[in-house]
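J.: Have a look at this one before I ask anything.
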Amino acid sequence: MKKIILSILLLCITVTIYGCNNDSQKERFEMFVSSLDETITKDMVLPESFEDIPVSYYIDEKKVEMINFIYTNKSLSMTLEVVLETEEQLKLSKKINMSPSEMMHNLYITTEDEQEIVSKDDYINGKVSLESDGVFAKEDLEMRIKGRGNSTWTFPKKPYKIKFDERQSLLGMAEAKEYVLLAEYNDKSLLRNYAAHYFSEFLNFDRHLETRHVSLFINQEYQGVYLLTEQVEVDENKLNIDQSDLFYGGFLIELEADERVGQEGIEDIDWFRVDGRNFVIKSPDMEDYSQVVVNGKVNYMKDYLNNFLESIENDTYDEYIDVDSFIDYFILAEIFKQVDVGYSSVYAYKDVDSKLKMGPIWDFDISSGNGDYYDYGPEGYWVDYNPWFNQLIEKESFEIRYIRRFNEVVDLYFDQLITEIEYVSNALIPFASANFDTWDIMGTYVWPNPPEMVEADTYEKQIAYFKGYLSERVMWLENELNTKGYYKD
């Protein structure tokens with residue numbers, strides 16, 4: 001009997017000690033989790049173990065080994081789930097905040113022998129450095145630079161294209177060899193391109209182009225506020241589509257105007273015509289292939305686009321195009337009333353065994369009430385100027401989906417767009433002041449500013465005009481689409 005009592009007592013003591021040890025371990029693990037950094041300002045390496053016991057980490061149910069500091073202009077909050085890999089798998093959660101990156105960054109370009117950049121065709125050698133948050137700083141990266149743009153190249157504040165021999169990530173963007181510096185000279189808000197790209201993040205595109213604001217210095221001379229952007233291109237880190245010699249392989253094309261297409265090379269090699277419109281072949285590079293392969297690819301592209309146009313007539317167009325991407329592309333262009341939507345800078349792409357998709361978006365400086373040579377006001381439909389949309393919107397099946405999606409986009413995202421414009425413009429005020437001290441154009445005409453933009457003689461007034469225009473535009477579109485449908489004037 002005594003032995004039984006002693007055994008029971010021993011078991012009780014063991015359970016008590018084990019329970020105490022468990023409680024003590026849990027308390028120590030709680031202290032371990034609470035000791036993890038709450039604010040991330042750079043890449044955060046997570047401890048692999050606690051008291052020689054493996055530890056796992058999850059964010060949104062996805063296992064992570066470290067938390068990468070990403071570029072963001074606002075503070076981000078996330079929940080880190082920490083799992084102690086014992087039999088019981090003790091789990092605790094911790095709120096982690098990621099600090100916002102700086103809104104503005106100094107980008108320094110030094111050309112070889114301090115040569116002036118005077119050509120859109122010929123690169124000159126140089127180096128680029130970035131003064132930024134520690135994690136994004138760069139120093140003396142070898143690169144080449146040249147001018148770029150059409151009408152924008154004629155302005156005193158020039159746009160540029162930079163090219164690296166090796167892939168580089170600038171300010172947290174995907175590694176690439178090519179970047180663009182947009183001068184935004186005739187857009188006195190400095191924000192139309194930025195806002196369009198921001199809005200595109202909410203829409204049905206496989207890839208939206210990232211942008212960053214920088215203060216540009218060339219050979220130690222301040223140039224003003226620029227928008228650093230990714231290049232529209234096919235790349236494994238960006239728009240990753242097939243570039244093989246298959247005649248039905250992937251392609252990226254751009255709608256181009258008659259007066260410009262001759263600069264793009266040879267017809268039926270570098271560009272082609274379908275239904276009286278010009279399409280520049282941005283990818284693949286036809287110089288890489290034999291004439292037989294080139295002919296096969298060009299004929300395939302032509303046939304595909306012709307078949308797509310024919311399919312509109314019998315309402316089978318969804319066999320050829322990704323309707324969601326088409327609708328969202330044209331909603332964006334309509335809201336911003338982008339001047340070039342039926343003329344130039346309109347991109348579309350198709351991968352192997354995939355449908356034709358629209359995007360990436362590009363060139364929104366002449367939009368949203370900035371352009372005195374077209375019907376720039378907030379009223380009136382505009383996108384039917386695009387040859388594809390012009391035919392698609394006549395189909396009831398497409399119009400119904402277009403109007404439904406328009407209402408959804410406006411309800412879900414338009415207020416966020418206006419809030420973003422307010423937030424970024426407020427942060428840019430001191431930098432905009434420096435820009436317009438250098439380029440004294442407030443209150444004066446810069447092509448193609450309409451009278452309203454000329455009269456807006458301060459940066460704050462430019463932002464008010466931009467926001468007001470978008471709000472009036474959306475109000476008009478909502479009323480017309482939901483009462484009369486999409487009609488052509």
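Just so it is clear, none of the values below were taken in a lab; they were calculated from the coordinates. Fair warning: this is a prediction, and the values are worked out from it, not measured in the lab. Reconstructed Cβ throughout: ideal geometry from the backbone, glycine too, with neighbour counts over all protein chains shown.
J.: Between the helical axis of 323-336 and the dominant principal axis of the chain, each derived from Cα atoms, what acute angle in degrees is found, rounded to the nearest 10?
T.: 70 degrees
J.: Follow-up question, since we're still on this one. Once the Cβ-Cβ distance between residue 288 and residue 115 is put in as r, and R0 is 30 Å, what FRET efficiency do you end up with, to the nearest 0.05?
T.: It comes to 0.45.
J.: Determine, for 63, 467, the number of other Cβ atoms within 10 Å of each Cβ, and report the residues in order from fewest to most.
T.: In order of increasing Cβ crowding within 10 Å: 63, 467.
J.: Here is a follow-up. Of (i) 24.8; (ii) 23.7; (iii) 25.8, which one was derived for Kirkwood radius over Cα pairs in Å from the structure shown?
T.: This structure yields the entry labelled (iii).
J.: Treat every Asp and Glu Cβ in the chain as -1 and every Lys and Arg Cβ as +1, leave all other atoms uncharged, and give the resulting dipole magnitude about the Cα centre to the nearest 20 debye.
T.: 1240 debye
J.: Continuing with the same structure: Return the whole-Å distance between the Cα centroid of segment 50-94 and the Cα centroid of segment 127-153.
T.: Using only Cα atoms, the two centres lie 35 Å from each other.
J.: So, one more: Residues with amide H under 5 Å of residue 223's amide H, sequence separation 5 or more or different chain, H placed in the peptide plane at 1.01 Å from N; which?
T.: Residues meeting the criterion, in which the H sits 1.01 Å from N, are 216, 217, 218.
J.: For residue 27 and residue 268, calculate 0.36 nm times their separation in residues minus their Cα-Cα distance, and state this gained length in nm to one decimal.
T.: 79.6 nm
J.: For segment 301-330 and segment 160-202, what is the separation of their Cα centres, given in Å?
T.: With segment 301-330 and segment 160-202 each reduced to a Cα centre, they are spaced 30 Å.
J.: Post the alpha-carbon centroid distance, segment 372-404 to segment 418-440, in whole angstrom.
T.: 32 Å
J.: Would you mind checking the tilt of helix 415-438 against the longest principal axis of the Cα atoms of the chain, expressed as 0 to 90 degrees and rounded to 10?
T.: 70 degrees
J.: Starting from the 7 Å offset along Cα-to-Cβ, what nm value, one decimal, do you get for the label separation of residue 73 and residue 240?
T.: Result for the modelled spin labels: 2.8 nm.
J.: Give me the aspartates and glutamates in straight-line cross-link reach of residue 355: C-alpha distance below 14 Å, same-chain residues under 8 apart excluded.
T.: By straight Cα distance, residue 355 reaches 206, 242, 303, 318, 319, 322, 324.
J.: For a test of understanding, tell me how many lysine pairs in segment 21-98 have Cα atoms under 22 Å apart, given they are 8 or more places apart or on different chains.
T.: For segment 21-98, qualifying lysine pairs total 17.
J.: Continuing with this model, one more query. On C-alpha positions alone, give me the angle between the axis of helix 2-34 and the longest principal axis of the chain, in degrees, nearest 10.
T.: Once rounded, the angle reads 30 degrees.
J.: While we're looking at this one, here's another question. Based solely on its DSSP helices, what 222 nm [θ] is calculated for the chain when runs of n ≥ 4 H residues each add -39,500 (n - 2.57) and the sum is averaged over all residues, nearest 500 deg cm²/dmol?
T.: Theoretical 222 nm ellipticity from helices: -10500 deg cm²/dmol.
J.: Another question, if that's okay. Using a Cα-Cα cut-off of under 18 Å, which lysines could be cross-linked to residue 238, ignoring same-chain neighbours fewer than 8 residues away?
T.: The qualifying lysines are 161, 163, 177, 282, 350, 357.
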